[in-house]
Structures are given as C-alpha cells and as structure tokens.
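Just below is one structure, and these are the notes that go with it.
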C-alpha cells in the first residue's frame, strides 16, 4: 500500500489529526456558569491557595507536551518546526489512543539549546510531563539534562529512551530464544546519536558487559577524531583501551547488532562473521541496515526492524504512552533508568513464549500501556 | 444555584474540562502506518518544500493558543499561571463549542514582558492564532503590540477587544432603543485597564465624539498623577483640555456609563444626574458598579452587566470565537480595529428589534460565530 499518498490525502482532508474536545456540557446558561464564569473562580481560588491542586482540578494531571525543534525529524533531518508538526500530531494521538494521555504538539521556532530550555520551562505550568522529540544529537542530551534538573515534572527524550526500552525488551526475549545470557554477550551498537546513546545506556543498566559502539567514522574511542563529550563519556566506560576499527571489525564474533544508523551498511558477510545465534536489530528508517531476508539468509537467528511490514517491529509506541502514564499516575518528578529498565522487563514479560518471529508484543495488544505504567510506578 | 461548589466538583471529577481526540483511525497496523510512520513523512516533506502547506495539512489552520501569565485572572487578580488554568481551559472549550476552533491553554511561568513575547513567538509555528488572556495592564498593551508586530499570525488580547466588540454592539442597539445617535452622546468609561482601553478605542472607531475616561483616581488627564503612557495617549485625544474630576462630576449630564472597574462605585444619585434615557453598562465582576434594579429605579433606561443572571449580558463569548474563526478562515495576518467594528455591527444586527431588555444576542443563539466571522472576513 502507498502509505505516503494515503497519508498526505488524509492530512489534507482532516487538516491534521487531532482536535480539542470539551469533557463537560456547554449547552445551557447554567452549563456556561459552571464551566466558565462565575463558577470557574472557585477551582482557580483553590489552586491559588494550594498549587498542588492543579494536578487534580485541571488537564495538567493527564497532559504531556510533545516538544520538538524540528532538527532531526524521522529520517528526514532538519526540516524545521512547521514540517515537524505532522509527526508531533501523530505522537500526540498515539499518547491518547494507547495511554489515555492528552498530549499537545509544541513546535519551537528555535534550535538554540538555551532558548529551547527556557521556553519549555516557561510553558511547563500547564503540562504534567514533557516528551522531547526529534531534536538532533548532541544538543538533545543537554536539553534533556537541563530540563530534568530544572523542572519538577517528568521529562523524557523519546528518541533516546523510548527506543532503548523497546530494544532492551526485545533483546531480553531474543536472548531467551537463542539461550544466551545478557552478561555474556557482546553487543555492537551502530549509531552514536540519540537512539544509540539511549540504547547503550539502558543496556548497561540491563547488565551488558561487552559493548562496542560506532558512529559513521568507526568504533568510538577517546582521542579519535569526530568525538564529543557524550561519546567520550561512554567510550571511557565501554572502550577503556581505546580500540578502533570498522563495523566489519566490530561485528566479527559479536552476538548482537543494534543499528540506529544508516540504511544498508551491514552486509551478509558481516552477519556471517558474527557468533552463532546472531541477533540483528536493524532499525534505520525507512530502509534498515540490512534487510531481514538477507540477514536471515546469512545465518542470523533473529531479526528485528523499525518497520511494521516485517516481523519483530521495534516501535516506540510500546513504551512512551505507558511510561508517561505511570509517571503521571504516580506523580513522579523524574523518569529514571531504573524505571525504564522495569518498563523493558515488563514489556518483555508480555510475550509469554518468545520465538524468533515474536520477541515483542504488538502495540495493538490490549493492556500494553497498563503493564508498562504499572512497572514504572512500582519500580520506585 | 451555587455555581462555585458545582464548578469545583465538576473540575475535580473531570480533572479539568478538555481532552485531545484523534480525528483519524488508529485501530490497525495500516492506520498506524498512515497516521504515523512511514506515511507521515509525506506531509512533512510537503511542508518542508512549501511552508504555507502547514495551514492545510495540520492543526495550525484551526488552532489558537490561549496564553496567559496569570497576572489578572477574572476579578481574582494576580493568582499565577497554575491557578489561571481553569479559566484558560474554559476559554479553550468555548472556542471549540462556539467557533469550531481547537484551542489549547498555555500558562506561562513568567510575568516579564520580554519573556512572554519571546516565548509566544517561539511556540507560534504550531498555532494559527494567539488569544492573549488575563494579562494585567499596562503590560498587556505592550505584549499585544509587540506580538502583532513580530508574528505573522493574528494576535488578540481578548480582555481588551472581545469586551470592546460586545459593548460596541450592545451600545449600538441601546442607542437605537433610546433614539440617540452615537456622534451626539457623551460616554463615561470607568476603568483604564485592558477592558477600558479596548472599549474606548473601539468606540472612537465607532464614531463616539464625547468621551470621558476615569481610573481609580478620577478623570484621566495629561499631567495628573498616576498616569502612564497608554493613559496619556488616549487622554490627549479625548481630554485635550485636561479636565479633572470625580466619577460623579463625569456622570452629570452624561448619556452612557460603561464600567469595567470596581463593584458598587456608581450610586443612584449619580444615575439620576445623567441625561434622560441613560444607558448603563456595569460590568465589574462578580458585583457590578451598580446593581440593575437600583440603576433602573434611579431612572436608567437600559442596563447591561457581565452576569448571566441579569438581562443584557455582555459576554465576550459572543465575539472571540467568531473573530478568530474569521481570521483563520480568511488567513488574516492581523485583526484590525476595522474588523472588530465590523464584528460589532454584525453582532448588533442579529437583534432585529432591540428593546431595553434585549440589546444583544445570546451566546446560545445559533449562528453567532458565523455572523461574526463573516463580518471579519468581509471587512477586508
């Protein structure tokens, strides 16, 4: 099916994808006097007396701002605030559909870290959480760190952490299928942007001990050209001997490949050089690092991609609605790595008997967000 | 009825008053692939090529941000961003109910003019218009002026202009009832904040030639204490001889009183001192400048208030949904005084035979927003 054309037509016909609906009646003078003046003064006064009541008496307790600067939208790159809006609207309606959360897209006319942080802080009073989206690396790391520090509501950059939770869940089940332990496997991550960093950090929490990370210039290592403070930080942890090399070097004998990078960069020969029972997460969009049939033909035991037209889709929608639902219901001020790991384990647990063809639940399975939100709340 | 208690209970039960709803299906993998990835890339690319398409392919073309800093909320004063949220939610759902516009409340954690302007500019890409709300005078004038100059979408401070449009409509019909011409009457405006300034400016456009304006210190006049640049500006136009005096002085012989000020400041004696066929707009909230029965007993011909429990309610909801609807449908970059005067005339025209008890349509009358939006679009 031509989703592109169909999507364009739908957006034109519906003028986007969301609307605001009153949840209270507005049909009579009494209705207006209750929902608006003079009645509305009472909830205002209650909140003025005790600011915490804003969580109970307004949308704040069930709302999230989906914030972008349009700098790294899907695989399309820096297309700007306006062109990012269809993606943010999509995210917003997925929040509602799967998490019961009322999310509104906020597209910022700046790509300056300081201004993004300041603007989000200034609009925060009316929101219960902030979902950062499609902000390019490495700026996204500082934006998220600053907002987590400076705001008292949960802030999460989904490109990092949503991806990480679903990959960690999928890898947990994939390792079960091939009969390996997470402490023993060697994991190769291709991509040191938002997705790669998020995945690497959560897999370290999950217990991975042997990890190699690459960017477009090869294995990241302190002192190599093209590094930045974030790459240095993780390279210090996972590559203390500053080993360098290519993707082919890194994959030789590896158990797991996780790609959040570029289409077509993994060859059949590279897969053949991996250990027996190789697990491939090829999540470049829209074209994976290696196509599933080619990876399987080269001996991979399990293949996952970001696409809905292949088995084992790694889809962030498995994670973000439930994570924010849990954070909002639990009134959590921060979403921690412990919570995200709990979410990943809970997601993995939804597949009772994982197989090579089924390592993750479907976003359309009932109860996904409830399982994830429960795990997040109970991980405190 | 105790609207206060009822409103509080409703807000607690419903956790505010609005929700975000998808307008497209999300029930199957095909649905997800159309509304979100991979399909959503296509509308993004179209907008990246031609930024104007954001009006056709997203919520922008039918959305308004309801922005406040919480500094002058209802009659409650400076209660802050969080406590203002119930009012902004109310405004948002009135936009939807009466104008078909999707409006979202944005409550700012700052009362600094520069920061308000900057923040609104930075979040503007996703909105089709900006409704400023409950920002205290005189800061509200600069915030509005700056945003009108610096943004390419319509911006309107409703406390000024919504009020002005409805008062001008009501006065037009009231003058018909008492058989006076707008050029001939003398109008006294009590209150030189947002509402007073908005009313004064639009009545000058409407043809009023004799106008006196007062603040809490008496008649405004250049050189008097307690003036500011905005009061000076209008005093120069309407009070060139710098006449001073009290409210009682101003009302003696006047035809029209318009109060957007303080409860109970107009006495029966003051009304008795006015010209025959006196018209009283006593819009202080929640208690008017003079109660309707007292004003009528003192000889007033027509009384209007801001309250829904008396006849002739001056309710901004008669104006703002239609004004923004017209501005969005007409892709107008600014909302001008000419458009607002056209809106007022159209509103007045909806009451075919005005009487002392009926000078304005009801917000619940069908078609109000369409009449207003049509007038706005056609006034270009």
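The values are calculated or read from the model by the stated rules, or taken from the named source; none is laboratory data. Note that this is a predicted model, so its numbers are computed, not measured. Positions of Cβ are backbone-derived with ideal geometry, glycine not excepted, and every protein chain shown enters the neighbour counts.
Hey, among B:220, B:238, B:153, B:234, which residue is closer than 24 Å to residue B:264 by Cα and in contact with a strand residue (DSSP E or B) (Cβ under 8 Å, 6 or more places away or on another chain)?
Sole residue among the options that is closer than 24 Å to residue B:264 by Cα and in contact with a strand residue (DSSP E or B) (Cβ under 8 Å, 6 or more places away or on another chain): B:220.
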message: Can you report the number of residues in segment B:6-41 which are within 30 Å of residue B:76 (Cβ to Cβ), within 7 Å of chain A (Cβ to nearest Cβ) and out of contact with any strand residue (DSSP E or B) (no Cβ under 8 Å at 6 or more places or on another chain)?
response: 9
- prompt: Would you say residue A:308 is at pLDDT below 95, surrounded by fewer than 22 Cβ atoms within 10 Å (Cβ to Cβ), in contact with a helix residue (DSSP H, G or I) (Cβ under 9 Å, 6 or more places away or on another chain) and within 30 Å of residue A:276 (Cα to Cα)?
  reply: yes
- request: Being surrounded by fewer than 24 Cβ atoms within 10 Å (Cβ to Cβ), touching a residue at least 12 places away in the same chain (Cβ under 8 Å) and either in contact with a strand residue (DSSP E or B) (Cβ under 7 Å, 6 or more places away or on another chain) or more than 10 Å from every other protein chain (Cβ to nearest Cβ) (or both) narrows it down to one of B:175, B:171, B:132, so name that one.
  value: B:175
- line: For segment B:68-87, the count of residues that are closer than 27 Å to residue B:364 by Cα and not in a loop (DSSP other than H, G, I, E, B) equals 6
query: Within segment A:339-355, is even one residue assigned to a strand (DSSP E or B) and touching a residue at least 24 places away in the same chain (Cβ under 8 Å)?
result: yes
- request: Take the residues in segment A:178-198 that are touching a strand residue (DSSP E or B) at 6+ places or on another chain (Cβ under 6 Å) and touching a residue at least 60 places away in the same chain (Cβ under 8 Å), then tell me which one is surrounded by the fewest Cβ atoms within 10 Å (Cβ to Cβ).
  value: A:186
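Do the conditions hold for residue A:236, that is, is it surrounded by fewer than 16 Cβ atoms within 10 Å (Cβ to Cβ) and either within 21 Å of the chain's Cα centre (by Cα) or not in a loop (DSSP other than H, G, I, E, B) (or both)? First the steps, then the outcome.
Values: surrounded by fewer than 16 Cβ atoms within 10 Å (Cβ to Cβ): yes; either within 21 Å of the chain's Cα centre (by Cα) or not in a loop (DSSP other than H, G, I, E, B) (or both): yes.
Taking the combined requirement at face value, the residue satisfies it.
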task: Please verify whether segment A:330-348 includes one or more residues that are within 22 Å of residue A:62 (Cα to Cα) and within 14 Å of chain B (Cβ to nearest Cβ).
output: yes
task: Looking at (1) in contact with a strand residue (DSSP E or B) (Cβ under 9 Å, 6 or more places away or on another chain); (2) within 27 Å of residue B:52 (Cα to Cα), find the lone condition where residue A:75 falls short.
output: (1)
query: Can you name every residue in segment A:88-118 that is assigned to a helix (DSSP H, G or I), under 14 Å from residue A:66 (Cβ atoms) and at the interface with chain B (Cβ under 7 Å from one of its Cβ atoms)?
result: A:89, A:90, A:92, A:93, A:94, A:96, A:97
- line: How many residues of segment A:10-32 are surrounded by 15 or more Cβ atoms within 10 Å (Cβ to Cβ) and in a helix (DSSP H, G or I)? The answer is 5
- prompt: Do the conditions hold for residue A:145, that is, is it modelled with pLDDT of 95 or more, out of contact with any helix residue (DSSP H, G or I) (no Cβ under 7 Å at 6 or more places or on another chain) and surrounded by fewer than 23 Cβ atoms within 10 Å (Cβ to Cβ)?
  reply: yes
task: Answer yes if at least one residue in segment A:47-67 is more than 9 Å from chain B (Cβ to nearest Cβ), part of a loop (DSSP other than H, G, I, E, B), modelled with pLDDT of 95 or more and out of contact with any strand residue (DSSP E or B) (no Cβ under 8 Å at 6 or more places or on another chain), and no otherwise.
output: yes
query: When you look at residue A:17, is it under 23 Å from residue A:126 (Cα atoms) and free of Cβ contacts under 8 Å to residues at least 40 places away in the same chain, yes or no?
result: no
task: Examine segment A:256-269 for a residue that is surrounded by fewer than 18 Cβ atoms within 10 Å (Cβ to Cβ), modelled with pLDDT of 95 or more, at positive phi and not in a helix (DSSP H, G or I), and state whether such a residue exists.
output: yes
